[in-house]
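The structure under discussion appears below in the form of structure tokens.
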Amino acid sequence: MGKVKGFLEIQRKEPEVVPVPLRIQRYEELVLPMAPVEVSQQGARCMDCGIPFCHNGCPVNNLIPDWNDLVYRGNWRHALEVLHSTNNFPEFTGRVCPAPCEAACTLNINDQPVTIKTIEQSIVDRGWDEGWIVPQPPSHKTGKRVAVVGSGPAGLACAQELARAGHEVTVFEKNDRIGGLLRYGIPDFKLEKRHVDRRLDQMRAEGVVFRTGVHVGVTMPAKELLSGFDAVVLAGGSEAPRPLEVPGRDLDGIHYAMDYLTQQNKRIAGDDVPGQILATDKHVVVLGGGDTGSDCIGTSVRQGARSVTNFELMPEPPAKEDKPLTWPYWPMKLRTSSSHAEGCTRDFAIATKGFSGKNGKVEVLHAVRLDWRKDATGVLRAEEIPGSAFDVPADLVLLALGYLHPVRKGMLEELGVALDPRGNVKADMNRYRTSNPKVFAAGDMRRGQSLVVWAIREGRDAARAVDAHLRQHSNGP
Ligand SMILES: Cc1cc2nc3c(=O)[nH]c(=O)nc-3n(C[C@H](O)[C@H](O)[C@H](O)COP(=O)(O)OP(=O)(O)OC[C@H]3O[C@@H](n4cnc5c(N)ncnc54)[C@H](O)[C@@H]3O)c2cc1C
Ligand code: SF4
């Protein structure tokens with residue numbers, strides 16, 4: 001702990017953001033870097049608690065008090081080493097992680113938490129700027145071959161760890177570019193894709209081979225991986241979207257969020273996009289109040305939507321958490337993202353009853369208000385409020401209702417791996433091994449729809465499990 005009374009003397013400071021009128025005209029990241037001297041000051045607020053709850057709050061168990069102290073003392077390079085010891089890609093989490101560590105910070109009980117996420121991003125950004133982040137090729141090769149299916153954060157973390165352990169790693173990706181949802185899904189205004197490209201260059205130099213446009217189980221039989229590799233890691237994400245089965249769903253202008261968001265990522269990358277879905281001059285309704293819905297709002301505003309309305313099925317959460325009840329856990333409270341702040345109407349406890357339109361195109365969304373109450377067993381149940389039906393104009397409807405489980409058709413059916421009761425690939429938590437002893441699973445494909453930081457954690461853990469498996473079955477030294 002560098003500054004003993006730092007938490008008493010220094011206030012929490014958030015990073016500056018580009019003002020709304022400016023940022024909605026562009027797709028660049030909206031959070032501005034914090035000056036190093038300010039980051040050091042923020043690091044000085046850390047109390048270096050005897051039990052650092054932030055360690056457990058962070059899914060990769062980042063050694064937060066250690067790097068807070070190093071940054072306070074100006075030892076940025078050492079801070080970067082400590083950060084990388086638990087997290088392969090802090091530049092991704094430093095930008096898009098919801099920061100459950102900050103909810104768990106002891107200062108958050110009766111004060112403002114340490115700006116952990118900003119400090120994390122500042123350390124790694126400085127590492128890149130200074131040229132401290134370089135490829136780490138292995139000193140020896142094991143001769144073992146591993147196939148990783150899926151190039152999201154889980155697949156990438158797994159591939160990097162395995163390549164550094166000396167294995168020959170090939171990542172197979174069905175899309176035309178590597179990165180999973182980091183590339184196609186998360187908007188550029190939250191994460192510019194140059195950060196992903198820079199890491200891919202590092203990984204190539206470490207020996208990872210990337211093969212894009214290979215849809216395992218569709219354009220390439222999954223069994224080829226079983227015969228050609230010593231181990232296979234399934235990191236294909238959770239890509240089956242929750243459907244909305246109501247009258248009028250098949251009208252033109254109603255799309256899954258991912259079809260819409262991916263197009264914008266591609267446009268920014270300079271691609272020609274066929275079948276353009278654009279919000280320009282339209283009344284847009286976004287269904288779903290999570291991250292994906294929020295990303296659709298920010299993208300629609302940037303495309304010049306006439307209006308953006310966001311409906312959520314669940315009731316509005318409380319404005320503030322009850323800290324004595326929730327700390328150090330992630331609290332349920334109303335969260336206003338940067339996209340919400342850019343201009344949209346939000347409404348809660350709304351159920352969509354159907355759509356209507358003219359000439360095959362959607363024009364109106366029909367909705368009803370819900371009354372959510374706990375039943376005798378304490379379970380929340382919804383009832384439609386009589387007489388509450390209403391309509392809103394809707395030229396573009398974006399469905400951001402979450403994801404059910406991984407896509408089964410193709411790779412999973414062909415491999416015949418067992419699924420858990422929720423439809424995710426069943427693999428035990430410690431060894432990440434599926435019902436096929438040569439096949440492992442990690443990330444959203446195993447745990448269901450989650451977070452980038454959890455995907456990194458699972459990718460790292462799965463790599464360790466694969467490495468142990470390969471060494472056990474190795475005839476070498
Ligand atoms: C729009 C959106 C915004 C989000 N925003 C955030 C956020 O701000 N912060 C946060 O922490 N999390 C966010 N998330 C969640 C986060 O992105 C995911 O939890 C995370 O990316 C999961 O990583 P993954 O590697 O398991 O899978 P993914 O990132 O989904 O990657 C899986 C990859 O596997 C490929 N693939 C699948 N099947 C095959 C196959 N058979 N053959 C070849 N390739 C295949 C897919 O094309 C994909 O590229 C968001 C999710 C969405 C949808
Ligand atoms: S990865 Fe997320 S939870 Fe962990 S320290 Fe960074 S912001 Fe906090």
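Some observations on this one:
- Of all residues in the stretch 53-98, those being touching a residue at least 60 places away in the same chain (Cβ under 8 Å), assigned to a helix (DSSP H, G or I), touching an Asp or Glu at 6+ places or on another chain (Cβ under 9 Å) and within 16 Å of ligand 1 (Cβ to nearest atom) number 5.
- Test: residue in the stretch 452-463 that is at pLDDT 95 or above, away from ligand 2 (no atom under 16 Å from the Cβ) and among the acidic types (Asp, Glu): no
- Considering Pro90, Pro59, Pro98, Pro33, the condition of being under 30 Å from Ala269 (Cβ atoms), of a type outside the set (Gly, Ala, Ser), open to solvent by 20 Å² or more (accessible area, probe 1.4 Å) and within 11 Å of ligand 2 (Cβ to nearest atom) is satisfied by Pro98 alone.
- Members of the stretch 170-198 that are more than 24 Å from Ser300 (Cβ to Cβ) and part of a loop (DSSP other than H, G, I, E, B): Glu173, Lys174, Asp176, Ile178
- Residue check for Asp129: outside any loop (DSSP other than H, G, I, E, B), over 25 Å from Arg335 (Cβ atoms) and open to solvent by 20 Å² or more (accessible area, probe 1.4 Å): yes
- A single member of Val397, Val379 is on the phi < 0 side of the Ramachandran plot, open to solvent by less than 70 Å² (accessible area, probe 1.4 Å), hydrophobic (A, V, I, L, M, F, W, C) and in contact (Cβ under 8 Å) with a residue 24 or more places away in the chain, and it is Val397.
- Residue ID - surrounded by the fewest Cβ atoms within 10 Å (Cβ to Cβ), chosen from residues in the stretch 230-256 that are within 16 Å of ligand 1 (Cβ to nearest atom) and charged (D, E, K, R): Arg242
- Residue check, Leu22 free of Cβ contacts under 8 Å to residues at least 12 places away in the same chain, away from ligand 1 (no atom under 16 Å from the Cβ) and either of a type outside the set (Asp, Glu) or assigned to a loop (DSSP other than H, G, I, E, B) (or both): yes
- Within the stretch 451-465, residues that are touching a residue at least 40 places away in the same chain (Cβ under 8 Å) have Cβ atoms under 7 Å from residues that are in a helix (DSSP H, G or I) and open to solvent by 40 Å² or more (accessible area, probe 1.4 Å) in these pairs: Trp454/Arg447; Glu458/Arg447; Arg460/Glu161; Ala463/Glu161, counting only partners at least 6 apart in sequence or on another chain.
- Checklist (1) closer than 30 Å to Leu415 by Cα; (2) open to solvent by less than 60 Å² (accessible area, probe 1.4 Å); (3) not charged (D, E, K, R) applied to Thr219, failing item: (2)
- Qualifying residue in the stretch 285-295 (condition: away from ligand 1 (no atom under 16 Å from the Cβ), without any contact (Cβ under 8 Å) to a residue 60 or more places away in the chain and in contact with a Phe, Trp or Tyr (Cβ under 9 Å, 6 or more places away or on another chain)): no
The values are calculated or read from the model by the stated rules, or taken from the named source; none is laboratory data. Just so you know, these numbers come straight off a predicted model, no measurement behind them. Cβ sites come from the backbone with ideal geometry, for glycine too, and all protein chains shown count toward neighbours. Calculation scope for accessible area: heavy atoms of the full protein, side chains included, ligands and nucleic acids excluded. Shrake-Rupley method; radii C 1.70, N 1.55, O 1.52, S 1.80 Å.
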